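What follows is one structure encoded as structure tokens, with my remarks underneath.
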């Protein structure tokens, strides 16, 4: 079966019961011809390094990327060794993906909030370590280190960045191999973000085509039960609004008054955790009345054919790949099959199996 390197999925989407669910998901996704498996990280049973090794062990062709881990939760040499191990374990199928994380959560855990300068400095360190350079006396935004070195290697390991705001998009274009956009971006926002990444790459003297932009596109077919669709749409959007609603609203240029009403609702204001994880169907039905339909419209919904039409629309906006977000390969099966029937392989012949392209 020809691999569709322009399509990816997140393994262990949402709140999995066990990390072992990953094994079946990855094997199913690879058998279906999906190009890449993305790994999100949480401070629970979704620790990225462990999951990455598991994906590498049970697959032979599919690309693997963290999207994302954070540079400040491990020593640079630990992260460099993790990425090099994955790179060699998978014969080059791995991409180290970084992100900013959620500021308020970092505050609670005593971790400093991540800056653009720190990430850019850290990327530079990884590149130098992986190509065998001995870094002595580094003193920069990413930290002070007397010695950083991994003798005997000279590798390029692709790096992916989950980007949201303008500073992140520009950083992705000038320093990373791939950029993952956020879920529920409007078409206008997606188009603007793609152009920002490509423009930054060009301004940095890079080939814009060498920086692969992934749309992270909620894919919620109507073959799924109604309560599950509600969780994957309203629940997921509500959780984003809980975590970083101001950024979601400003990026999409939505009405901030709607966000204020959402936050002021008694259920939302007093809810003890993530709505997509803990809310009942009845609670989500109430939350649905607080979120405009147009905020949820940026997703692949309906029949498999309707979902495919929306997915293809992401390529028309300039994206190089689409992550079918929030669903397991089993849940995506009829949509992927419908997509394959309409696919034009020559359009994507330039894409490598690695998530970074």
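The values are calculated or read from the model by the stated rules, or taken from the named source; none is laboratory data. No experiment lies behind these values; they were computed from the predicted model shown. Quick reminder, even Gly has a Cβ in these numbers, built from the backbone with ideal geometry, and neighbours come from all protein chains shown.
Number of residues in the range 313-343 that are closer than 30 Å to residue 156 by Cβ and assigned to a loop (DSSP other than H, G, I, E, B): the value is 5. Could you list all residues from the range 267-296 that are part of a loop (DSSP other than H, G, I, E, B) and free of Cβ contacts under 8 Å to residues at least 24 places away in the same chain? Correct list: 270, 272, 273, 280, 289. With respect to the conditions (1) surrounded by 23 or more Cβ atoms within 10 Å (Cβ to Cβ); (2) over 19 Å from the mean Cα position of the chain (by Cα), residue 38 falls short on a single one, namely (2).
Taking the range 150-168 as the range and being in a loop (DSSP other than H, G, I, E, B) and closer than 20 Å to residue 352 by Cβ as the test, the residues that pass are 154, 155, 156, 157, 158. Checked against (1) at pLDDT 95 or above; (2) closer than 24 Å to residue 252 by Cα, residue 120 passes all but a single condition, namely (2).
Quick check, is residue 49 over 26 Å from residue 334 (Cα atoms), touching a helix residue (DSSP H, G or I) at 6+ places or on another chain (Cβ under 6 Å) and part of a helix (DSSP H, G or I)? Criteria met by residue 49. Evaluation of residue 302 against the conditions (1) touching a strand residue (DSSP E or B) at 6+ places or on another chain (Cβ under 9 Å); (2) touching a residue at least 24 places away in the same chain (Cβ under 8 Å); (3) on the phi < 0 side of the Ramachandran plot shows that the sole unmet condition is (3).
Scanning the range 1-24 for residues that are closer than 19 Å to residue 339 by Cα and within 17 Å of the chain's Cα centre (by Cα) gives 5, 6, 7, 8, 9, 10.
Taking the range 60-103 as the range and being touching a helix residue (DSSP H, G or I) at 6+ places or on another chain (Cβ under 8 Å), surrounded by fewer than 19 Cβ atoms within 10 Å (Cβ to Cβ) and assigned to a loop (DSSP other than H, G, I, E, B) as the test, the residues that pass are 60, 61, 74, 102.
Report yes if residue 49 is assigned by TED's automatic domain parsing to the domain that holds residue 173, touching a strand residue (DSSP E or B) at 6+ places or on another chain (Cβ under 9 Å) and farther than 23 Å from residue 336 by Cβ, otherwise no. For residue 49, the condition - assigned by TED's automatic domain parsing to the domain that holds residue 173, touching a strand residue (DSSP E or B) at 6+ places or on another chain (Cβ under 9 Å) and farther than 23 Å from residue 336 by Cβ - is met.
I'm checking my understanding of the structure. Among residues of the range 17-35 that are outside any helix (DSSP H, G or I) and in contact with a helix residue (DSSP H, G or I) (Cβ under 8 Å, 6 or more places away or on another chain), which one is surrounded by the fewest Cβ atoms within 10 Å (Cβ to Cβ)?
Top of the filtered list is 19.
Of all residues in the range 106-149, count the ones that are within 28 Å of the chain's Cα centre (by Cα) and either outside any strand (DSSP E or B) or not assigned by TED's automatic domain parsing to the domain that holds residue 172 (or both). Residues flagged as within 28 Å of the chain's Cα centre (by Cα) and either outside any strand (DSSP E or B) or not assigned by TED's automatic domain parsing to the domain that holds residue 172 (or both) within the range 106-149 amount to 28.
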